[in-house]
Amino acid sequence: MPFADRNLEDIRREVAAFADERDWAQFHSPRNLLLALMGEVGEAAEIVRWQGDAQPPVPPGKEEDWADELADVFTLLIRLADRSGVDLTTAFARKLQKARAKYPVAAFKGSNRKYDEVEGPEVRKSGSPEVV
Ligand SMILES: [Mg+2]
């Protein structure tokens, strides 16, 4: 599903403005935001708990609740990155580049193996500077 086109920096500013208008920066330490993020992940998990691999994966009638919880997770992730000095756009690009090196298509297409379970010269092993 394609997302509506929004700039991540615009979203960061919108989230910061929302918090600043309420004087909530005083509560938004990275630790508190991380714990809140984990709580929201738990709220999302509650919706699909016990669903197994059912189709659709989100119970009928719970689609908006699911979207709300994912938005909560997203909002808190944006705020956490902002308050801990992480440029999430740059971090994402860097991490995706590392993942490409760690999981080359030639070795991992259609595979759910972990990078250290695959042999071959094209697979970077743990300890390589490009592997996290
Ligand atoms: Mg929530």
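The values are calculated or read from the model by the stated rules, or taken from the named source; none is laboratory data. Since we're looking at a predicted model, the values are computed, not measured. So basically every Cβ, Gly included, is an ideal-geometry build from the backbone, and we count neighbours across all protein chains shown.
What the table below lists for this structure:
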| quantity | calculated |
| --- | --- |
| When residues of the stretch 8-40 are limited to those that are within 16 Å of the ligand (Cβ to nearest atom) and in contact with an Asp or Glu (Cβ under 8 Å, 6 or more places away or on another chain), the one farthest from residue 60 (Cα to Cα) | 15 |
| Criterion: acidic (Asp, Glu), assigned by TED's automatic domain parsing to the domain that holds residue 3 and closer than 25 Å to residue 4 by Cβ - qualifying residue of 53, 68 | 68 |
| Any pair with Cβ under 6 angstrom, 6 or more apart, that starts in the stretch 41-67 at a residue that is of a type in the set (Lys, Arg) and ends at one that is modelled with pLDDT of 95 or more | 62/47 |
| Residue that is at pLDDT 90 or above, away from the ligand (no atom under 16 Å from the Cβ) and either part of a loop (DSSP other than H, G, I, E, B) or over 30 Å from residue 11 (Cα atoms) (or both), where the choices are 121, 59 | 59 |
| Output for the stretch 70-120, where each listed residue is farther than 21 Å from residue 36 by Cβ and of a type in the set (S, T, N, Q) | 89, 90, 97, 111, 112 |
| Some residue of the stretch 70-82 being surrounded by 14 or more Cβ atoms within 10 Å (Cβ to Cβ), within 16 Å of the ligand (Cβ to nearest atom) and of a type in the set (D, E, K, R) | yes |
| Any pair with Cβ under 6 angstrom, 6 or more apart, that starts in the stretch 20-36 at a residue that is on the phi < 0 side of the Ramachandran plot and ends at one that is not in a helix (DSSP H, G or I) | 30/84 |
| First in the stretch 72-94 and in the same structural domain as residue 30 (by TED's automatic domain parsing), second anywhere and charged (D, E, K, R), Cβ under 6 Å, 6 or more apart | 72/40; 73/40; 76/40; 78/12; 82/12 |
| The lone exception for residue 3 - which of (1) part of a helix (DSSP H, G or I); (2) closer than 20 Å to residue 81 by Cβ it fails | (1) |
